[in-house]
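What follows is one structure encoded as structure tokens, with my remarks underneath.
The values are calculated or read from the model by the stated rules, or taken from the named source; none is laboratory data. No experiment lies behind these values; they were computed from the predicted model shown. Glycine gets a Cβ as well: all are built from the backbone with ideal geometry, and neighbour counts include every protein chain shown.
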Amino acid sequence: MDKDTGQIQQPLPEDPNQPTIESFPNAHTLDRQRAFDGFKAILVRWIVYCHIAFFQFKNSYFRQLLYYMYPKLASLLPKAGKTIQKWVIYAFN
């Protein structure tokens with residue numbers, strides 16, 4: 001990404017020694033509920049320990065980053081900070 005304009009530049013060439021998602025079949029998909037629950041637990045831990053404000057989940061740049069990594073998160077990740085707040089409260093009660 002160009003740090004002045006924010007435009008995405010050409011990706012770096014792939015490293016042939018870099019493991020792929022196929023190398024880790026258990027991490028291959030978030031489609032199953034168990035995998036999403038694991039993602040949610042890790043997300044909540046990051047929010048709490050890094051002091052992330054709930055309103056950041058409305059941030060289009062953050063959401064774009066997550067969707068880039070896994071497009072199906074668009075239908076799974078809530079937009080409301082209140083929902084994220086409920087996840088955190090539930091995790092620590």
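The table that follows gives values for the structure above.
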item	result
Residue match in the stretch 39-47 (condition: touching a Phe, Trp or Tyr at 6+ places or on another chain (Cβ under 7 Å) and among the β-branched types (Val, Ile, Thr))	yes
Residue ID - modelled with the lowest pLDDT, chosen from residues in the stretch 30-54 that are surrounded by 12 or more Cβ atoms within 10 Å (Cβ to Cβ) and more than 21 Å from residue 93 (Cα to Cα)	30
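Conditions tested, residue by residue: (1) modelled with pLDDT of 85 or more; (2) in contact with a strand residue (DSSP E or B) (Cβ under 7 Å, 6 or more places away or on another chain); (3) surrounded by 13 or more Cβ atoms within 10 Å (Cβ to Cβ).
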| position | (1), (2), (3) |
| --- | --- |
| 56 | yes, no, yes |
| 59 | yes, no, no |
| 63 | yes, no, yes |
| 71 | no, no, no |
| 80 | no, no, no |
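Each row is one residue, and each column tells you yes or no for (1) under 27 Å from residue 7 (Cα atoms); (2) touching a Lys or Arg at 6+ places or on another chain (Cβ under 9 Å); (3) in a helix (DSSP H, G or I).
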{"residue": "42", "(1), (2), (3)": "no, no, yes"}
{"residue": "47", "(1), (2), (3)": "no, no, yes"}
{"residue": "52", "(1), (2), (3)": "yes, no, no"}
{"residue": "55", "(1), (2), (3)": "yes, no, yes"}
{"residue": "79", "(1), (2), (3)": "yes, yes, no"}
